[in-house]
Amino acid sequence: PEKAHYNAYKEAVRVAKGELNVLEVERRQRFSALLADRDIRVVYQPVVALDSGRIFGYEALSRGPEDSFFANPLNLLAFAEKNNQLYTLEKIMREKALAGWTGEWRKQVLFLNISPQIIYDPAFHPDEINARLDELGIRPERLVLEITERTGIENFQAFQRSLETYRRHGFKVAVDDAGSGYSSLQAVAELQPEYIKLDLSLIRELDQNPVKRILVETFLTFAEKTGSRVIAEGIENSEELTRLRKIGIPLGQGFFLARPACPPPALSPAAVRHLACPAEVTSQRFRP
Ligand code: C2E
Ligand code: MG
Ligand code: MG
Ligand code: MG
């Protein structure tokens, strides 16, 4: 308590000097409390086979306390990184996501996000995840690690080595937010991920924007040649769903299909209605 008092005093001095603003101090306090209480919830969003409407798996998405700045996981992650607490936060996120993965859901595929900075962190070892999977009775092949290319892949070789390690442990790998970052198609190709998740910015206005359409089709062709599967993120309406099914995208995610929730939700009634009609072009490409 004395040390906490002293820290609060030091912060007050820095605020007075104008080195630190009050909002930042409040956030730091909230963040410390949040970490100490492990106050993270996890919601799960279905990944759906677009031809059959079958649920293929679920992505775990973390949430900080409701109605706070930290409700948004991107704020949570950015704040943790800035304050050198990313590793601790990520560990809590992983543990919570796996702890919530109980009962019948264990037979489904679980998509788990990992920050690229963690990939490079020598403290992070897949044994940690494997030990938890063992306890929970989940097979490692059911786990897909999602790594975003949003921030660019800085150290490609280190990145690739990590992915190889995860594969040796039995995990699958997904490149998240593909088409949004700076890494080239070649970089994605060399990583040979099992899944390529197309960023939602590519899905938006797909009908009106021919460049996006070419990109989506290129990713699909490319995935088929390299043995990856494409997942379209952020499908928000029936038009987008129809378009993606016509192109032959095998897997999708989005509010129209189901919003993230806990316990893991079923398909939305609108999606059930939509997918009950036969797809105009049934994807031949999906290998269940
Ligand atoms: P992401 O992995 O690309 O996750 C997809 C985001 O899009 C999620 O936002 C999801 O709620 C949102 N989304 C899903 N369907 C739709 C849709 O139809 N429309 C729109 N507009 N959005 C949709 P969320 O949950 O806020 O997560 C944001 C990002 O935070 C994630 O992007 C991921 O990079 C990161 N993140 C979330 N949870 C974790 C975690 O436990 N660990 C790590 N490392 N990162 C996480
Ligand atoms: Mg993701
Ligand atoms: Mg994504
Ligand atoms: Mg995204």
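Before moving on, here are some points about what is shown:
- Filter result (open to solvent by less than 40 Å² (accessible area, probe 1.4 Å) and within 16 Å of ligand 4 (Cβ to nearest atom)) within the stretch 98-152: Phe111, Leu112, Ile114, Ser115, Pro116, Val144, Leu145, Glu146, Ile147, Thr148, Glu149, Gly152
- In the stretch 164-204, the residues that are within 16 Å of ligand 4 (Cβ to nearest atom) and among the charged types (D, E, K, R): Asp176, Asp177, Lys197, Asp199, Arg204
- Scanning the stretch 1-47 for residues that are free of Cβ contacts under 8 Å to residues at least 24 places away in the same chain and either of a type in the set (Lys, Arg) or under 30 Å from Gly57 (Cβ atoms) (or both) gives Lys3, Lys10, Arg14, Lys17, Asp37.
- Candidates in the stretch 259-278 are the residues that are part of a loop (DSSP other than H, G, I, E, B) and in contact with a Phe, Trp or Tyr (Cβ under 9 Å, 6 or more places away or on another chain); of these, the one that is surrounded by the most Cβ atoms within 10 Å (Cβ to Cβ) is Pro264.
- Whether a residue is of a type in the set (Val, Ile, Thr) and either on the phi > 0 side of the Ramachandran plot or more than 19 Å from the chain's Cα centre (by Cα) (or both) was assessed, and Val25 passes this test.
- Filter result for the condition that a residue is polar (S, T, N, Q) and exposed (fewer than 14 other Cβ atoms within 10 Å of the Cβ), over Thr242, Thr221: Thr221
- Verdict on Glu236 being of a type in the set (D, E, K, R), open to solvent by 40 Å² or more (accessible area, probe 1.4 Å), near ligand 1 (Cβ under 10 Å from one of its atoms) and in contact with a helix residue (DSSP H, G or I) (Cβ under 9 Å, 6 or more places away or on another chain): yes
- Members of the stretch 213-251 found to be in a helix (DSSP H, G or I), more than 22 Å from Val173 (Cβ to Cβ) and within 16 Å of ligand 3 (Cβ to nearest atom), listed by number: Glu240, Leu244
- Among the residues of the stretch 102-127, the one identified as within 16 Å of ligand 1 (Cβ to nearest atom) and charged (D, E, K, R) is Asp121.
The values are calculated or read from the model by the stated rules, or taken from the named source; none is laboratory data. Everything numeric here is computed off the predicted structure, so don't read it as measured data. Counting neighbours? That spans all protein chains shown, and the Cβs are built from the backbone with ideal geometry, glycine included. Protein only, heavy atoms only, side chains kept; ligands, DNA and RNA dropped before computing areas. Shrake-Rupley method; radii C 1.70, N 1.55, O 1.52, S 1.80 Å.
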